[in-house]
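Student: Just dropping this structure here.
The values are calculated or read from the model by the stated rules, or taken from the named source; none is laboratory data. Remember, predicted model here, so these are calculated numbers, not experimental data. Cβ placement follows ideal geometry from the backbone for every residue including glycine, while neighbour counts extend to all protein chains displayed. Protein only, heavy atoms only, side chains kept; ligands, DNA and RNA dropped before computing areas. Shrake-Rupley method; radii C 1.70, N 1.55, O 1.52, S 1.80 Å.
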Protein chains: 2
Amino acid sequence: MPSRRADPVTVEVVELIGDVVARYHTEYEHVAASHQLTGAQARVLNLLAMEPLPMRRIAQKLRCEPSNVTGIVDRLETRGLVERRPDPADRRVKLAAPTEEGLRTADRLRESLDFAREPLAGLSTQERTALRDLLKRMLA
Amino acid sequence: MPSRRADPVTVEVVELIGDVVARYHTEYEHVAASHQLTGAQARVLNLLAMEPLPMRRIAQKLRCEPSNVTGIVDRLETRGLVERRPDPADRRVKLAAPTEEGLRTADRLRESLDFAREPLAGLSTQERTALRDLLKRMLA
DNA sequence: TATTGTTATACTCTATAACTATA
DNA sequence: TATAGTTATAGAGTATAACAATA
């Protein structure tokens with residue numbers, strides 16, 4: 001292998017992706033903070049708004065240890081945004097589910113995020129389609 | 001404003017960007033960990049490998065409070081990867097600079113990252129160019 | 001007076017290991 | 001015995017406020 005040095009365009013794309021990542025992260029944390037939530041809390045609340053999940057599944061989605069989820073859900077529960085329910089099928093399992101207020105907060109969170117993520121507005125439909133296809137291929 | 005609901009393609013692109021962000025983050029942390037560094041430490045070391053910086057500037061680059069940089073640089077300094085130097089022009093300022101070993105680590109880190117980021121290899125030069133231009137417009 | 005870096009403090013996220021209650 | 005969730009613990013990143021040295 002004479003060299004794995006990337007060509008100039010690849011280097012540019014990698015840097016741009018770094019920019020996208022930084023921007024995405026900054027905006028996500030900012031929107032979460034505007035709802036008095038940390039990034040991790042916002043992610044969990046958003047997950048649970050789609051469907052209630054066992055603690056273990058949350059950890060898998062977040063790619064972290066199950067012990068961490070206990071604290072995150074604790075804090076959401078203290079805030080009245082999430083509640084733990086027993087799983088009728090397996091008494092070892094606790095299902096974390098959003099409360100009514102949690103669902104409302106998740107909705108407002110998602111609206112803010114849609115808005116914050118709208119740097120795409122400057123692209124035409126054709127361009128967005130092209131971007132979608134390229135990103136898909138890249139992640140394949 | 002009747003609705004700010006995004007069109008389906010935009011939703012798809014936003015989700016794909018979320019995937020890219022997650023993947024980038026995972027790989028960055030993984031590569032950093034393989035060098036016994038946290039993500040924040042790797043980012044600072046990478047910054048300093050480009051040029052020595054005052055503590056204040058590092059905080060600005062990381063978008064965090066200056067007090068946090070003290071600890072991160074402390075840990076890099078304990079590891080012998082970074083050193084603090086006085087700024088001859090302003091005795092209040094401390095310049096953080098990589099040691100020889102720090103530069104070597106930064107080089108190996110960057111090589112690993114180039115390799116890890118190579119999902120781009122599946123795209124042709126034309127496609128990479130198109131992706132670059134779309135990302136640029138998106139970030140403009 | 002204003003600025004640079006640090007310290008002190010408190011909170012959150014993180015992983016590891018040990019514990020409990022179920023299965 | 002294996003699994004789900006928790007607790008205990010320790011390390012790291014984060015923000016805020018107060019401080020010393022220097023400008």
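Student: With the requirement that a residue be of a type in the set (Lys, Arg) and within 14 Å of chain B (Cβ to nearest Cβ), what does the stretch A:82-140 give you?
Tutor: Passing the criteria: A:Arg108, A:Arg110, A:Arg117, A:Arg128, A:Arg132, A:Lys136, A:Arg137.
Student: Further question on the same structure: Here is a list of conditions, (1) under 25 Å from A:Arg63 (Cα atoms); (2) open to solvent by less than 80 Å² (accessible area, probe 1.4 Å), and B:Arg43 meets all of them except one; can you say which number that is?
Tutor: (2)
Student: So which of A:Gly71, A:Gly18, A:Gly39 ends up being small (Gly, Ala, Ser) and closer than 22 Å to B:Thr129 by Cβ?
Tutor: A:Gly18
Student: Looking at (1) within 16 Å of the chain's Cα centre (by Cα); (2) open to solvent by 20 Å² or more (accessible area, probe 1.4 Å); (3) more than 9 Å from DNA strand C (Cβ to nearest atom); (4) of a type in the set (Val, Ile, Thr), find the lone condition where A:Thr129 falls short.
Tutor: (1)
Student: Pick out the one residue from A:Arg91, A:Arg56 that is more than 7 Å from DNA strand D (Cβ to nearest atom), farther than 25 Å from A:Ser112 by Cβ and open to solvent by 50 Å² or more (accessible area, probe 1.4 Å).
Tutor: So the residue among A:Arg91, A:Arg56 that is more than 7 Å from DNA strand D (Cβ to nearest atom), farther than 25 Å from A:Ser112 by Cβ and open to solvent by 50 Å² or more (accessible area, probe 1.4 Å) is A:Arg91.
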